[in-house]
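The values are calculated or read from the model by the stated rules, or taken from the named source; none is laboratory data. As the structure is a prediction and not an experimental result, all values here were calculated from the model. Cβ: placed from backbone, ideal geometry, glycine included. Neighbour counts: every protein chain shown. With ligands, DNA and RNA removed, areas are computed over all heavy atoms of the protein, side chains included. Shrake-Rupley method; radii C 1.70, N 1.55, O 1.52, S 1.80 Å.
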Amino acid sequence: MRRVEAIVNGEILANAPTTARVMPIDEAQKVGAMMLFGEKYGDEVRVLDIGSSRELCGGTHVARTGTSGSSRSWPRAGGGRVRRVEAVTGDNALAWVQAQEACLARRRRR
């Protein structure tokens, strides 16, 4: 998890521009867009390039990676061999770290 978090934060700190484009799903596959197994996609998909990542996405995103602030990640249980990661960014990442530090401080005082 620390390695994943370091990679994500490195991408954020690079402040790389992001691009989004709509294309046929077969073209998206040819350009190497990451697709989630089991997800259903239409004939046309939105392909998002963020730093070194290229994937399908339906949501709105930042214009540059640095806009996300920092990132904090942790593993989440998944079914079978599926591995999932949850993460928060920006102010939420800072709040999460501060809450964890407060919890540790309370435990130390006991």
Exercise. Quick one: in the stretch 70-88, which of the residues that are more than 12 Å from the chain's Cα centre (by Cα) and in a loop (DSSP other than H, G, I, E, B) is modelled with the lowest pLDDT?
Worked result: 82
Exercise. Could we say that residue 43 is at negative phi, open to solvent by 70 Å² or more (accessible area, probe 1.4 Å) and in contact with a helix residue (DSSP H, G or I) (Cβ under 7 Å, 6 or more places away or on another chain) here?
Worked result: yes
Exercise. Looking at the stretch 12-27, which of its residues are open to solvent by 50 Å² or more (accessible area, probe 1.4 Å) and under 18 Å from residue 94 (Cα atoms)?
Worked result: 13
For this session: Search the stretch 97-110 for residues that are within 18 Å of residue 72 (Cβ to Cβ) and pair each with any residue that is outside any helix (DSSP H, G or I) and of a type in the set (Gly, Ala, Ser) when their beta-carbon atoms are under 9 Å apart and the residues are at least 6 apart or on different chains.
Result: 97/70
